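**Q** Pasting a structure below so you can have a look.
The values are calculated or read from the model by the stated rules, or taken from the named source; none is laboratory data. All values reported here derive from a predicted model rather than from experimental measurement. Glycine also receives a Cβ, built like all others from the backbone with ideal geometry; neighbour counts cover every protein chain displayed. Heads up: the accessible areas ignore ligands, DNA and RNA and are worked out on the full protein's heavy atoms, side chains in. Shrake-Rupley method; radii C 1.70, N 1.55, O 1.52, S 1.80 Å.
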Amino acid sequence: MNIGLKKDEIVLVPYEQAWQAEFAKTKNELLRVTNLQSNQIEHIGSTSIEGMRAKPIIDLLVGVEDVGCLEKSFFKGLLQAGFHRLRVERPNEIVCAKFTDNTFQIKTHYIHLVQYKGQKWQELLFFRDYLRRNDAAKKQYEQLKLSFFETGLQGIGAYTNYKEEFVKAVLAKKKDDWK
């Protein structure tokens with residue numbers, strides 16, 4: 001299994017069953033070095049959706065009581081597992097990454113720290129589960145991602161923006177349940 005991408009690199013590869021095992025291994029490591037419980041760690045992103053092409057990076061959703069009040073010891077535990085806090089500014093979310101080595105050039109995993117069972121937690125899980133259950137939507141999303149390479153656009157920001165309308169449309173199907 002090859003995982004990892006350089007900064008701003010966008011590559012989609014065929015689904016690999018090994019991604020599930022890598023998630024399980026990483027989850028167990030996080031459970032060992034933090035006070036997290038199993039239900040607070042989920043596999044998200046396209047690597048969590050069987051059969052879908054994906055960027056070869058394992059995305060983990062980690063739910064905590066309060067993103068703004070995490071102890072230094074929590075981040076020390078993440079560091080023990082190889083995760084470094086990134087300087088990514090997102091409302092109510094902290095992003096950490098794991099790299100292939102100490103040059104910090106190739107990211108292999110992301111952790112998205114959010115409020116457990118909060119809106120962001122629910123949105124990310126709903127999106128994943130919707131694609132897992134809906135083959136037509138899964139195929140449509142995969143085709144959308146592949147069509148990005150025909151646009152001439154580059155970089156993770158452009159890639160994320162390119163997919164945004166689709167993601168919003170899926171989330172709108174669940175929106176009423178969050179009120």
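**Q** Of (1) touching a Lys or Arg at 6+ places or on another chain (Cβ under 9 Å); (2) open to solvent by 40 Å² or more (accessible area, probe 1.4 Å); (3) without any contact (Cβ under 8 Å) to a residue 40 or more places away in the chain, residue 163 satisfies all except one. Which?
**A** Checking residue 163 against (1) touching a Lys or Arg at 6+ places or on another chain (Cβ under 9 Å); (2) open to solvent by 40 Å² or more (accessible area, probe 1.4 Å); (3) without any contact (Cβ under 8 Å) to a residue 40 or more places away in the chain, the one that fails is (2).
**Q** Condition first: among the charged types (D, E, K, R) and not in a loop (DSSP other than H, G, I, E, B). Now tell me which residues in region 54-73 satisfy that. Don't jump to the end; show me each part of the working.
**A** Quick first cut of region 54-73, residues among the charged types (D, E, K, R) only: 55, 59, 65-66, 71-72.
Of everything in region 54-73, those that are among the charged types (D, E, K, R) and not in a loop (DSSP other than H, G, I, E, B) turn out to be 59, 72.
**Q** Among the candidates 55, 72, 7, 25, single out the residue that is under 24 Å from residue 102 (Cβ atoms) and under 14 Å from the mean Cα position of the chain (by Cα). Let's see the steps before the verdict.
**A** On the way: 72 fails: under 14 Å from the mean Cα position of the chain (by Cα); 7 fails: under 14 Å from the mean Cα position of the chain (by Cα); 25 fails: under 14 Å from the mean Cα position of the chain (by Cα).
Just a single option satisfies the conditions, and that option is 55.
**Q** Then there's this: Would you check if residue 115 is loosely packed, with under 14 Cβ neighbours inside 10 Å and at pLDDT 95 or above? It would help to see each step written out before you state the result.
**A** Working: loosely packed, with under 14 Cβ neighbours inside 10 Å: no; at pLDDT 95 or above: yes.
No.
**Q** Criterion first (open to solvent by 50 Å² or more (accessible area, probe 1.4 Å), more than 19 Å from residue 174 (Cβ to Cβ) and modelled with pLDDT under 95) does residue 29 satisfy it? Can you show your working first?
**A** Details: open to solvent by 50 Å² or more (accessible area, probe 1.4 Å): yes; more than 19 Å from residue 174 (Cβ to Cβ): yes; modelled with pLDDT under 95: no.
No, not satisfied.
**Q** From (1) open to solvent by 20 Å² or more (accessible area, probe 1.4 Å); (2) of a type in the set (A, V, I, L, M); (3) within 20 Å of residue 113 (Cβ to Cβ); (4) touching a helix residue (DSSP H, G or I) at 6+ places or on another chain (Cβ under 8 Å), pick out the condition that doesn't hold for residue 24.
**A** Going through (1) open to solvent by 20 Å² or more (accessible area, probe 1.4 Å); (2) of a type in the set (A, V, I, L, M); (3) within 20 Å of residue 113 (Cβ to Cβ); (4) touching a helix residue (DSSP H, G or I) at 6+ places or on another chain (Cβ under 8 Å) one by one, residue 24 breaks only (4).
**Q** Among the residues of region 32-53, what is the count of those that are open to solvent by less than 70 Å² (accessible area, probe 1.4 Å), of a type in the set (S, T, N, Q), in a helix (DSSP H, G or I) and over 16 Å from residue 16 (Cβ atoms)? Give the derivation first.
**A** Step one: of region 32-53, the residues open to solvent by less than 70 Å² (accessible area, probe 1.4 Å) are 33-34, 36, 38, 40-49, 51-52.
This time we only want the ones that are of a type in the set (S, T, N, Q), so: 34, 38, 40, 46-48.
Now restrict to residues that are in a helix (DSSP H, G or I): 38, 40, 46-48.
Still in the running and over 16 Å from residue 16 (Cβ atoms): 38, 40.
Within region 32-53, residues that are open to solvent by less than 70 Å² (accessible area, probe 1.4 Å), of a type in the set (S, T, N, Q), in a helix (DSSP H, G or I) and over 16 Å from residue 16 (Cβ atoms) number 2.
**Q** Find the residue count for region 1-31, including only residues that are touching a residue at least 40 places away in the same chain (Cβ under 8 Å) and among the basic types (Lys, Arg).
**A** 2
**Q** Something else about it: Listed residues 173, 168; which is of a type outside the set (Ser, Thr, Tyr) and surrounded by 12 or more Cβ atoms within 10 Å (Cβ to Cβ)?
**A** On the way: 168 fails: surrounded by 12 or more Cβ atoms within 10 Å (Cβ to Cβ).
One residue alone meets the criteria, 173.
**Q** Going by the structure shown, is residue 88 farther than 18 Å from residue 69 by Cβ and out of contact with any Pro (no Cβ under 7 Å at 6 or more places or on another chain)?
**A** Taking the combined requirement at face value, the residue satisfies it.
**Q** State whether the residues of region 114-123 include one that is of a type in the set (A, V, I, L, M, F, W, C), within 25 Å of residue 2 (Cβ to Cβ) and either assigned to a helix (DSSP H, G or I) or touching a Lys or Arg at 6+ places or on another chain (Cβ under 9 Å) (or both). If you could, list the steps in order and put the result at the bottom.
**A** Of region 114-123, the ones of a type in the set (A, V, I, L, M, F, W, C) are 114, 121.
Subsequent filtering for residues that are within 25 Å of residue 2 (Cβ to Cβ) retains none.
No, region 114-123 contains no residue that is of a type in the set (A, V, I, L, M, F, W, C), within 25 Å of residue 2 (Cβ to Cβ) and either assigned to a helix (DSSP H, G or I) or touching a Lys or Arg at 6+ places or on another chain (Cβ under 9 Å) (or both).
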